[in-house]
């Protein structure tokens with residue numbers, strides 16, 4: 001919709017973007033783009049018609065045909081046909097398409113389209129100089145259809161080259177922003193360290209698995225603040241925070257992480273996606289593999305974490321999926337756990353009544369914040385060390401590791 005009226009802001013209420021101006025014809029439109037024009041008319045009970053007239057004439061000099069309009073994607077092209085587009089680009093009167101930049105592109109990652117697999121240059125608005133996340137509307141729509149969004153570099157810190165595909169999870173109930181899961185590239189400063197910790201802590205017999213990808217969990221703001229608040233409370237009580245990175249495995253109902261195109265699910269029974277959403281909840285303690293394996297929780301009702309990845313692998317069976325080529329995949333978390341003042345026990349098992357008197361989180365003035373079960377090598381009863389916290393604020397998922405057995 002073209003206009004000669006005054007004003008430079010999009011006519012759609014609540015939109016403060018500048019109105020679109022065709023750089024070739026000089027015509028200023030009423031809206032920032034066709035999406036908002038269509039939305040404005042929809043609210044009026046009307047529909048936006050396909051491009052027509054002088055506003056959408058072929059950009060090849062001398063041609064007055066209407067430009068080509070793709071009904072499937074809603075994309076308005078600059079020319080009436082591919083032949084005229086090629087002629088204009090060949091004679092230098094029109095820049096080559098962004099798509100042509102993809103082969104052999106050497107653009108800096110921060111300037112590449114955020115759609116996975118596309119290396120075209122991001123679109124830069126000629127009027128405002130604003131750099132968009134994608135090379136064009138088609139790729140922006142395709143990313144939305146796949147459940148992807150640009151890596152949240154500003155929030156997470158770091159270079160755009162550090163992150164690959166980012167998935168946005170469901171609303172956590174703690175307000176915006178929702179949690180996100182971003183794949184780390186091998187350029188990320190922590191990627192190699194996470195793989196090293198996973199591999200070096202795999203001490204069970206047999207071949208070591210291969211890490212296929214690592215997701216960084218950006219927790220919902222309320223979850224992150226809950227964990228940070230717990231650490232501050234420990235310090236206020238004169239205790240050391242004693243923060244450690246520990247593994248945790250559980251079950252899942254979806255294929256997120258294993259199937260690269262699968263987004264996190266909204267099934268409340270999916271433990272992996274629920275932990276990404278709300279971190280850890282004590283009400284779920286006792287409902288997983290620990291109870292089914294032993295018939296009880298070794299050190300009472302709490303949240304269990306392992307120093308060794310191969311120990312957590314025993315409880316990751318519920319995440320295993322077999323690909324069409326026969327390869328077996330599983331996932332597990334690498335978490336931040338604030339142990340506070342731990343009680344190191346040589347016992348194989350402690351009853352809940354004992355935990356009540358030992359751990360402060362139980363509300364009876366205990367002297368400890370967590371329990372660490374010692375191994376036989378350290379004079380304890382366990383083959384592999386376990387750490388247990390009893391306040392759900394004491395742990396938060398940091399990474400989700402996808403590995404192939």
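The values are calculated or read from the model by the stated rules, or taken from the named source; none is laboratory data. Keep in mind the model is a prediction, meaning the values are calculated, not measured. We place every Cβ from the backbone using ideal geometry, glycine too, and count neighbours over all the protein chains shown.
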Quiz item: What number of residues within segment 287-317 are closer than 16 Å to residue 252 by Cβ, at pLDDT 90 or above and in a helix (DSSP H, G or I)?
Solution: 3
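Here is a yes/no grid of residues against (1) assigned to a strand (DSSP E or B); (2) modelled with pLDDT of 85 or more; (3) at negative phi:
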{"site": "211", "(1), (2), (3)": "yes, yes, yes"}
{"site": "232", "(1), (2), (3)": "no, yes, yes"}
{"site": "238", "(1), (2), (3)": "no, yes, no"}
{"site": "244", "(1), (2), (3)": "yes, yes, yes"}
{"site": "252", "(1), (2), (3)": "no, yes, yes"}
{"site": "264", "(1), (2), (3)": "no, yes, yes"}
Quiz item: Considering only residues of segment 350-375 that are more than 19 Å from residue 282 (Cβ to Cβ) and modelled with pLDDT under 90, which is surrounded by the most Cβ atoms within 10 Å (Cβ to Cβ)?
Solution: 375
Quiz prompt | Filtered residues of segment 234-280 (kept if more than 15 Å from residue 396 (Cβ to Cβ) and touching a strand residue (DSSP E or B) at 6+ places or on another chain (Cβ under 6 Å)) | solution = 249, 255, 257, 258, 262, 263, 264
Exercise. Check 164, 158 and return the single one that is under 21 Å from residue 184 (Cβ atoms), surrounded by 13 or more Cβ atoms within 10 Å (Cβ to Cβ) and modelled with pLDDT of 70 or more.
Key: 164
Practice problem: Just need a number here: residues in segment 213-227 that are without any contact (Cβ under 8 Å) to a residue 24 or more places away in the chain and not in a helix (DSSP H, G or I). | Solution: 0
Exercise. Give segment 1-58 a look and list any residue that's at pLDDT 70 or above, in a helix (DSSP H, G or I) and either more than 21 Å from residue 136 (Cβ to Cβ) or touching a helix residue (DSSP H, G or I) at 6+ places or on another chain (Cβ under 9 Å) (or both), or say none.
Key: 34, 35, 40, 41, 42, 43
